[in-house]
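Before any comments, here is the structure.
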Amino acid sequence: MATKINSSEITPEHIYLSRRKFMVGIGALAASAAVLSACGNQFGSTASGANAQAAQPDDLKVSATIDELGDELTPFGAVTSYNNFYEFTTSKEGVAGLAQGFKSSPWQVEVGGLVNKPKTYDIDDLRTKFSQEERVYRLRCVEGWSMVIPWLGFSLSEVLKEVEPTAQAKYVRFETIYDSDQLPGQNSGWYNWPYVEGLRLDEAMNPLATMATGLYGKDLLPQNGAPFRLVVPWKYGFKSIKSIVKIELVDTMPVSLWMAAAPNEYGFYANVNPEVPHPRWSQATERRIGEFGRRDTLPFNGYGDEVAYLYEGMDLRENF
Ligand SMILES: Nc1nc2c(c(=O)[nH]1)N[C@H]1C(S)=C(S)[C@@H](COP(=O)(O)O)O[C@H]1N2
Ligand SMILES: [Mo]
């Protein structure tokens, strides 16, 4: 599995943004040099994530070997060493190392806003109160790569039902922990921290919208969003926000970190859609980590039967 990820196949989300902000700040010439060195790792480097099968521990508990659509699971080593988690670093291969000491216990998540019964859960409550299921889903990053991951978790709807959204609640807003001592990336001024994401309430109630506490039968490692994160398999990976401390029911569409950074590139919906290119690259195909070549990207990442009803009558080019 010593595969190489060709740099031309991957367009990191941050490069263009960094360049743009550099140009605003320190002028165009300095900009390209600075961006290239900041992102040097990603140009032509081996994706260690894709050849990290040796890191597959033998205490993994997983019953599936393929997903519902017949694709093989991405090895544990790749899932845990090739990550996007900008609070640590924009280098995918660098996240796991930097995240090692991250303190994900004790941990609480506050669920409130437009609800009848606001509640603060301890992570252990979440693990014991809601039955943890193995859920094998594809993760399709907006950058054009994908994985198949056996998550451990439960439907977000179970939590939402408990807190009872009021009639005014239309959206769910999620927030990652803000702790710049532990998360060095939050000292960088490129983004509005903390990381924020959102779903429409009916999307959030869809059973596929998952609160994940683990993968491969083990608790989440910090690089994957410990102690718990959202997984929205039909949307681009950036919607699957990590290390959540706050869930709020609101009446207006939340502005996510990515919408604030580049509204013309990253919309609120972010449904996987091969027919709507990103302004800077096609979304028609993707590279499955660990494979050579590219495969076709499926509408809604292959989950159309389960979720297409949510968007009936909507123009998905406009609502990208
Ligand atoms: N808080 C936070 N959540 C995040 C990100 C991030 O940088 N910060 N990156 C997102 C992106 S772009 C992707 S593709 C997935 C990657 O998840 P993984 O590293 O577990 O594969 O996490 C998403 N959630
Ligand atoms: Mo992503």
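The values are calculated or read from the model by the stated rules, or taken from the named source; none is laboratory data. Everything quoted here is computed from the prediction, not taken from an experiment. A quick note on method: Cβ atoms are made from the backbone with ideal geometry, for glycine too, and the neighbour counts reach across all protein chains shown. What goes into the accessible areas is simple: the full protein's heavy atoms, side chains included, and nothing from ligands, DNA or RNA. Shrake-Rupley method; radii C 1.70, N 1.55, O 1.52, S 1.80 Å.
For the stretch 222-284, which GluC sites (Glu not before Pro) are in a loop by DSSP, counting at most 13 other Cβ atoms within 10 Å?
Values: sites: 248, 265, 275; in loops: 265, 275.
Answer by residue number: 275.
Looking at the stretch 40-311 alone, DSSP beta bridges between its own residues are antiparallel in about 85 percent of cases.
Quickly rank 146-155, 125-134, 226-235, 254-263 as a protection proxy: mean count of other C-beta atoms within 10 Å, highest first. Write out the running numbers ahead of the final one.
On the way: 146-155: 22.1, 125-134: 14.7, 226-235: 25.0, 254-263: 17.2.
Output ranking for 146-155, 125-134, 226-235, 254-263: 226-235, 146-155, 254-263, 125-134.
Pull out a ≥ b ≥ c, the square roots of the eigenvalues of the alpha-carbon gyration tensor of the stretch 40-311, then state rounded if a/c is under 1.5, prolate if not and a/b is larger than b/c, and oblate in the remaining case. Taking the square roots of the gyration eigenvalues as a ≥ b ≥ c, the stretch 40-311 is rounded. Using the Cβ of residue 76 as centre and a radius below 12 Å, the other residues enclosed give a net charge of 0, where K and R count +1 and D and E count -1. Using 1/(1 + (r/R0)^6) with R0 = 41 angstrom and r between the beta carbons of residue 311 and residue 187, what's the FRET efficiency to the nearest 0.05? With a Förster radius of 41 Å, E is 0.60. Candidate cross-link partners of residue 103 among the lysines, defined by an alpha-carbon separation under 27 Å and a same-chain spacing of 8 or more, comprise 61, 92, 119, 129, 218, 239, 242, 246. The fraction of accessible area contributed by carbon and sulfur in the stretch 40-311 is 51 percent, rounded to a whole number (1.4 Å probe; ligands and nucleic acids excluded). Summed over the residues of the stretch 40-311 and divided among them, the accessible surface reaches 38 Å² per residue at a probe radius of 1.4 Å.
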